[in-house]
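To keep things clear, I will list the structure first and then write my remarks on it.
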Amino acid sequence: MEPQLPGSIGTSASLAIRLGQSLFSVASLLFMCVGVQFYAYTSFCFLVTIKGLTIPWSLTLAIVDAYSVFVKRPSRQLHIVLVIVIGDWILSFLSLAAACSTASVSDFMVTEAGASFCDGKVCSRYRLSAAMACMSWSLSVASALFNLWVLSSLYSNY
């Protein structure tokens with residue numbers, strides 16, 4: 001059995017990262033959607049769409065990680081890790097774009113536009129949603145980097 005990189009697919013650290021991604025994505029989605037009219041702004045709709053894609057991806061890979069941890073057989077097949085790395089990188093770039101666009105629009109609404117666009121409670125929810133999306137992105141890029149490291153070691157052994 002080869003040594004495992006903590007945070008790579010099939011480890012307990014990866015399970016924690018995936019659950020954290022899901023938790024922060026759900027929090028971002030709830031802050032954006034519950035009681036707020038987010039659909040009036042394109043960047044907010046983009047965030048909701050990307051978090052709607054991130055949640056099932058992260059939960060599916062959390063189930064794979066949980067299975068690998070409990071069975072103690074991590075999935076180290078080249079093609080599976082390649083698909084996970086590609087999916088992680090695509091979703092991490094899209095999550096970064098959605099979080100940054102949401103943060104910039106909510107900052108514009110507070111500093112430049114004033115109270116004409118949103119009151120303090122609504123704008124603070126937009127900002128909290130952007131902060132949760134940034135936290136989800138940081139875990140997503142960490143997972144992508146760990147799995148990229150494993151992918152390069154698998155290619156060298158192939």
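The values are calculated or read from the model by the stated rules, or taken from the named source; none is laboratory data. As the structure is a prediction and not an experimental result, all values here were calculated from the model. These area figures cover heavy atoms from the full protein model, side chains too; ligands, DNA and RNA do not enter into them. Shrake-Rupley method; radii C 1.70, N 1.55, O 1.52, S 1.80 Å.
Working from Cα pairs under 8 Å separated by at least six residues, relative contact order for the chain is 38 percent. Sequence-ordered 3J(HN,Hα) estimates for segment 98-111 from the Karplus curve with 6.51, -1.76 and 1.60 and θ = phi - 60° stand at 5, 5, 5, 5, 5, 5, 5, 5, 5, 5, 4, 5, 7, 7 Hz, glycine and proline given as x.
Accessible surface for segment 4-69, divided over its residues, is 45 Å² per residue with a 1.4 Å probe. Backbone geometry of segment 137-142 corresponds, through the Karplus equation with coefficients 6.51, -1.76 and 1.60 at θ = phi - 60°, to 3J(HN,Hα) couplings of 5, 4, 6, 5, 6, 5 Hz, x marking Gly and Pro.
Remark: segment 20-26, residue by residue, has Karplus-estimated 3J(HN,Hα) of x, 4, 5, 4, 5, 5, 5 Hz, where x stands for each Gly or Pro and the curve is 6.51 cos²θ - 1.76 cosθ + 1.60 at θ = phi - 60°.
Taking all protein chains into account, the per residue accessible area for segment 74-147 stands at 48 Å² (1.4 Å probe).
Can you match Cα Rg over 2.2 N^0.38 Å to one of these, (1) 1.01; (2) 1.41; (3) 1.18, based on a calculation from the structure here? It is the one labelled (3).
Per residue of the chain, what 222 nm ellipticity follows from adding -39500 (n - 2.57) for every DSSP H run with n ≥ 4, rounded to the nearest 500? It would help to have the intermediate numbers written out before the result.
Numbers: 4 runs with 124 residues, N = 158.
Only helices count here, giving -28500 deg cm²/dmol.
For segment 122-156 and segment 46-76, write down the distance between their C-alpha centroids in whole Å. Centre-to-centre distance over Cα atoms comes out at 13 Å.
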